[in-house]
1. Restricting to the range 137-189, and then to whatever is open to solvent by 80 Å² or more (accessible area, probe 1.4 Å) and under 22 Å from ARG115 (Cα atoms), can you tell me which residue is farthest from the chain's Cα centre (by Cα)?
2. Given LEU28, LEU16, LEU8, which one is among the aliphatic types (A, V, I, L, M), farther than 23 Å from ALA147 by Cβ and touching a helix residue (DSSP H, G or I) at 6+ places or on another chain (Cβ under 6 Å)?
3. Go over the candidates GLU148, GLU161, GLU170 one by one and state the one that is free of Cβ contacts under 8 Å to residues at least 24 places away in the same chain and either of a type in the set (Val, Ile, Thr) or not in a loop (DSSP other than H, G, I, E, B) (or both).
4. Return a yes/no flag: does the range 59-74 have any residue that is among the aliphatic types (A, V, I, L, M), open to solvent by 30 Å² or more (accessible area, probe 1.4 Å) and over 23 Å from LEU151 (Cβ atoms).
5. State whether the residues of the range 111-134 include one that is open to solvent by 10 Å² or more (accessible area, probe 1.4 Å) and part of a loop (DSSP other than H, G, I, E, B).
6. I'd like to check something: does the range 36-47 contain any residue that is over 17 Å from GLY116 (Cα atoms) and assigned to a loop (DSSP other than H, G, I, E, B)?
7. So VAL23 passes all but one of these: (1) touching a helix residue (DSSP H, G or I) at 6+ places or on another chain (Cβ under 9 Å); (2) outside any helix (DSSP H, G or I); (3) open to solvent by 10 Å² or more (accessible area, probe 1.4 Å). Which condition number does it fail?
Amino acid sequence: MPADPRPLAARAAAQLAVLLDDVRPEALARPTPCADWDVRALTEHIVSVAEAYAVIGETGRDEAPDGVRARPLPEAPADRAAVFATARERLAAAWRDDAKLDKAYVLPWGEVSGRGTLTGYLLDGVTHAWDLARALDSGRPLDPELAEVSLAAARRVLPPERRGGPTPFEPVRPAPQDADAYGRLAAWLG
């Protein structure tokens, strides 16, 4: 787990912002690597996760009792990007205080430090950047360091035997031999 995950979380959010800028209305119905989500649902999830982690940083608790609740986003790309920009700013502001990194937070999967909480945001953001890039057939390069850090964290906090129940991950899948860190992360998360 990174000693201070905030800079990495900010980089992950910036990477998502670039990808969200690429989403055009005609792409919203495209499938994604997430079996139950099209691009519209994935982008709604990305924004909702940023908002949810901002709320945790602001209030000290997860206010979505059944997990992250996605909400519909505007159709216009600039409007969708603006909603995410606001969520990014709120997320950064909510975690600005260094003391929050050592505080304990009660999340649906257990009690977690602020560092662990933000590492959860990092993991989600990095994973879904890969999902969105693939769904959009984006030629944009993704930050390899973010994937390596996220993969190391995922292996530590999401071992194969901790799947199911409140942990929304499928069994580990084999990664192709030539998979980059993003491909290995996606395989690890199922």
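The values are calculated or read from the model by the stated rules, or taken from the named source; none is laboratory data. In this text, all values refer to a predicted model and were calculated from it rather than measured experimentally. When we count neighbours, we look across all protein chains shown, and the Cβ atoms used for this are built from the backbone with ideal geometry, even at glycine. SASA here: full protein model, heavy atoms, side chains in, ligands and nucleic acids out. Shrake-Rupley method; radii C 1.70, N 1.55, O 1.52, S 1.80 Å.
1. Ranking the qualifying residues of the range 137-189, first place goes to ARG162.
2. LEU28
3. Among GLU148, GLU161, GLU170, only GLU161 is free of Cβ contacts under 8 Å to residues at least 24 places away in the same chain and either of a type in the set (Val, Ile, Thr) or not in a loop (DSSP other than H, G, I, E, B) (or both).
4. Yes, the range 59-74 has at least one match.
5. Checking the range 111-134: not a single residue is open to solvent by 10 Å² or more (accessible area, probe 1.4 Å) and part of a loop (DSSP other than H, G, I, E, B).
6. yes
7. (3)
For (1) surrounded by 14 or more Cβ atoms within 10 Å (Cβ to Cβ); (2) within 18 Å of VAL18 (Cβ to Cβ), each residue gets a yes or a no:
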residue: ALA52; (1), (2): yes, no
residue: PRO77; (1), (2): yes, yes
residue: ARG80; (1), (2): yes, yes
residue: ASP102; (1), (2): no, no
